Protein chains: 2
Amino acid sequence: MAVAFDLDELVGRARDGQHRAIARLISLVEDANPRVADVARALTPFTGNARVIGLTGPPGVGKSTSTSALLTALRAAGKRVGVLAIDPSSPFTGGALLGDRIRMTEHATDPGVFIRSMATRGHLGGLSWATPQAVRVLDAAGFDVVLIETVGVGQSEVDVVKLADTTVVLLAPGMGDGIQAAKAGVLEIADVFVVNKADRPGADATVHDLKQMISLARREIRGPSWRQPIVRTVASTGEGADDLVRALAEHHEWLVTHAELPRRRAARARDEVAAIAMRRLRAELADLRHGDRLAGLADRVVARELDPFAAADALIEDLRR
Amino acid sequence: MAVAFDLDELVGRARDGQHRAIARLISLVEDANPRVADVARALTPFTGNARVIGLTGPPGVGKSTSTSALLTALRAAGKRVGVLAIDPSSPFTGGALLGDRIRMTEHATDPGVFIRSMATRGHLGGLSWATPQAVRVLDAAGFDVVLIETVGVGQSEVDVVKLADTTVVLLAPGMGDGIQAAKAGVLEIADVFVVNKADRPGADATVHDLKQMISLARREIRGPSWRQPIVRTVASTGEGADDLVRALAEHHEWLVTHAELPRRRAARARDEVAAIAMRRLRAELADLRHGDRLAGLADRVVARELDPFAAADALIEDLRR
């Protein structure tokens, strides 16, 4: 049964910083509620102010602890911070991350912090579709910074870059071939590197390797140059978190100075609009699936009367009718 | 530059068992070559005979070794076998699986075996789109069995079920909470369980846990009942591989007896046709993206003149025009 609610009043309460209203709005957009478009329309006038920062990196580098340490440092600097923790969990890993989430509850009583885990499991395009909706809620609710933390498995670390103004890639010493393996991916996506667990043996070597990778890659880079900084942290003690806050501020400054911020946000809007359009088309296809039309075409494919491409053409023609 | 080729001649050579022709056809469909629909049309009359078996399970259970052992046992039983090894590798894990692949080269000189690794990295819907195309090639080429092995990270273990007649879920002792974590997912998807590394301590306990899970789950299952067997193997020595071949044959028999095989294949055809239709729509959207239309709409979203849902509506209207 649909429960009636006053959207403008809900948005108003979210903008007053009421966590329950913020949570309610995120649930509305996350579940692809039919009113999601109304919610977006109601929020849009209040958006565009939050800095969106993505954190990613391979498993075991301490992403959750780093998010928590960064959160503490940003709070000390007077920023209100929203956190979206993206879990692209599979049937085989589901639930493994609970311990990490629990650690974040140290911020749970702080009204200037809002933390939300978003499970993208089973949602095709879940991250790319639902996350910008949730970012919009936090932006409109007046958070200065929105942190998007990913679990770093699969496609999500690439997707998060598309959503963030600034992408932080975390690495740690003692990951063996980790950096080598990560090389191709992270150089392209990182705006800021963090070498976490910097008190452990091998940290110097990791920083050294990273510096070499960066200087090699720089030869091929075009356009306005941003020198990716490497910040050393020990997230468990908070060491280096202030350095990271400074590096993030410098990158934001650079984005503004070089007109890179509007460029990135326009790219993000293109992705989002395309994702929404795709989802609508997918829903229309699903309607055709539940009808007899797809089933009838599929039966003819099984009977080898029709190849699946010809069947898909027939299905799309129905969609256009 | 496009290279002209004679499709019927290529299909003929593939049906003669020429590996180069088979590989060429898979490359054609994998790369979404413009002629992929022609290839599907040319292959369709020769399809429908191969048994498609999916192998999945969490990392570390020995999937590659098990695939290899099963391959040996199927060859000894006189079957021609095609293998598709699906690597949904991320920027952080890319390349890690090379060692596993190399082990499979022991079958490389056997003309009755064809092995192909398919990287789905970066392909949205890559597995669900490209794999059935590759299965069609192997089916038409006259392989009796097509094995689809997944790396078991992310969404792929769920997708593979949709492609296979029979799904084998591999587990191993000493995985700690692995079985508990896997429980929800694997009970739904497994037709046959394998407990690999059955010579290790804890194998009995793993089999025991699994039996309990199965009998608990059976209470809730509707429809024609298939009792999921548990096969113990030591894939590194080949022990138990013949038992697995027998269990697979029994499941195939059951599928046929209960009219479940045509039901599964019709479901698969529905998924495939829908995936092809979706890909076509996505390509049409991409055309709009590269035009000015999406960029113009996105700029209006950044300027907060338009919310992204209204922009998506406008984009879809263009698509229909």
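Every number here is computed from the coordinates shown, using simple stated rules; none is lab data. Here the structure is a predicted model, which means the values were calculated and not measured. So basically every Cβ, Gly included, is an ideal-geometry build from the backbone, and we count neighbours across all protein chains shown.
Brief remarks on what is shown
- Other-copy label distances relative to A:A295, 7 angstrom Cα-Cβ extension, nm: 4.6
- Ordering A:L281, A:G296, A:G240 by Cα displacement along the dipole of region A:213-321 toward the positive end leaves A:G240 in first place; charges were set at the Cβ atoms of Lys, Arg (+1) and Asp, Glu (-1).
- Average beta carbon contacts from partner chains per residue of A:41-51, 10 Å cutoff: 2
- Averaged over B:275-287, number of beta-carbon atoms from partner chains that fall within 10 Å: 5
- Expressed as a fraction of 2.2 N^0.38 Å, the C-alpha radius of gyration for region B:223-303 is 2.05.
- Highest average first, the peptides A:245-253, A:55-63 ordered by how many other beta carbon atoms sit within 10 Å of their residues are A:55-63, A:245-253.
- Hull volume per residue, based on the alpha-carbon atoms of region B:1-74 and their convex hull, is 146 Å³.
- Fully extended contour minus Cα-Cα distance, from A:D292 to A:A205, at 0.36 nm per residue: 25.2 nm
- Computed over region A:274-320, the percent of Cα pairs more than 14 Å apart is 52.
- Copy-to-copy label separations for A:R320, where each label sits 7 Å from Cα toward Cβ, in nm and ascending: 1.3
- Extension reserve of the A:E106-A:R304 stretch, reckoned as 0.36 nm per residue once the Cα distance is removed: 65.2 nm
- Summary of packing: across the peptides A:47-54, A:301-308, the per-residue average of other C-beta atoms within 10 Å ranks them, highest first, as A:47-54, A:301-308.
- Amide H contacts under 5 Å for B:S117, placed H, 5+ residues apart: B:A85
- Among A:M278, B:M213, the ranking by other beta carbons within 10 Å of each residue's beta carbon, starting with the fewest, stands as B:M213, A:M278.
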